[in-house]
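To keep things clear, I will list the structure first and then write my remarks on it.
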């Protein structure tokens, strides 16, 4: 676990604001581009959002394909539980990200955090 030292309160606040979709992203991207902590948590937040959207879209494609096979629509409905699990995980990851931002920690979120860290946001 890596931690940034001597991070100011505005940087911690900006890092936490990064977890508010769209409005927080724009705020950090447009006004806090000099803060490495805020940009790091912006990448983590966008990665979380992309992960959740991807879970839903993948389920929608699979459900649509299964709907063409007789009696498989029930399987696609059962697979929706995986989307629900992903969204429960998303809520936990969001809270974890907020806590890490407020503590000035630079630690990737589980599952997708290392991927999100490579997003080309500078």
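The values are calculated or read from the model by the stated rules, or taken from the named source; none is laboratory data. The model shown is predicted, which means the values in this text are computed figures rather than measured ones. Note that each Cβ is placed from the backbone with ideal geometry, even for glycine, and that neighbours are counted across all protein chains shown.
Have a look at 77, 63 and point out the one that is over 30 Å from residue 29 (Cα atoms), in a helix (DSSP H, G or I), modelled with pLDDT of 90 or more and more than 15 Å from the chain's Cα centre (by Cα).
63
Residue check: is residue 58 under 17 Å from residue 111 (Cβ atoms) and free of Cβ contacts under 8 Å to residues at least 24 places away in the same chain?
Yes; evaluated as a whole, the condition is true for this residue.
Yes or no, residue by residue, for (1) surrounded by 13 or more Cβ atoms within 10 Å (Cβ to Cβ); (2) farther than 18 Å from residue 20 by Cβ; (3) in contact with a strand residue (DSSP E or B) (Cβ under 9 Å, 6 or more places away or on another chain):
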position: 50; (1), (2), (3): yes, no, no
position: 55; (1), (2), (3): yes, yes, no
position: 65; (1), (2), (3): no, yes, no
position: 78; (1), (2), (3): no, yes, no
position: 81; (1), (2), (3): no, yes, no
position: 88; (1), (2), (3): no, yes, no
position: 94; (1), (2), (3): yes, no, no
position: 117; (1), (2), (3): yes, yes, no
